[in-house]
Amino acid sequence: MQGTALEILLVEDEPGHAELVKRNLRRHRVANELHHVEDGEQALDYLHQRGDFADPETNPRPHLVLLDLRLPKIDGIEVLQEIKAARSLQPIPVAVLTSSDAETDMAKACEAQANSYLVKPVDFDKFRQLIEDLGFCWLAWDRRSGDRDRLGA
């Protein structure tokens with residue numbers, strides 16, 4: 001990958017799911033930097049660069065947030081709502097990556113302005129393919145937005 005490093009914030013409390021996402025993103029060289037937090041409170045601290053995440057050098061703003069819905073401390077929908085309500089965070093795309101295929105969860109995520117809603121497949125190979133496809137999608141998006149920035153658009 002050329003250009004700026006793609007920074008991804010993974011918000012996932014299930015260690016097994018987090019490891020699968022990390023492994024597959026690394027395998028396909030999707031993210032130059034993958035930052036992982038385990039609950040909604042840490043996610044908001046990271047995004048607002050406060051507390052343990054106050055240093056922007058070690059905790060840069062992500063280009064993409066992968067957000068689970070079922071999180072300890074602060075629910076994923078609340079995290080999404082705060083991201084989309086904060087002027088400085090609004091431009092960051094948020095892909096909900098969850099095991100819930102409940103229509104109510106999808107509707108809440110859509111209402112809260114999620115950029116994507118992806119249901120984690122139970123099958124390992126399908127999960128791997130989902131992460132691979134997600135990575136290529138956001139890599140292409142990042143390159144297009146980087147080209148716009150370089151062209152002054």
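Summary of values
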{"read-out": "Sorted by Cβ density within 10 Å, fewest first, the residues Asp105, Asp55", "value": "Asp55, Asp105"}
{"read-out": "Relative contact order for the range 7-146, counting Cα pairs under 8 Å that sit 6 or more residues apart, in percent", "value": "24"}
{"read-out": "Three-way shape call for the range 7-146 based on the alpha-carbon gyration tensor, with the a/c threshold at 1.5", "value": "rounded"}
{"read-out": "Amide H partners (placed H, <5 Å) of Leu10, local residues excluded", "value": "His35, His36, Val37, Leu66"}
{"read-out": "Projected label distance in nm at Asp101 and His48, using a 7 Å step from Cα toward the beta-carbon", "value": "3.6"}
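No lab work stands behind these numbers, since they all come straight from the coordinates. Treat the numbers as computed from the prediction; the structure is a model and nothing was measured. With ideal geometry, Cβ positions are generated from the backbone for all residues, glycine too; neighbour counts draw on all protein chains shown.
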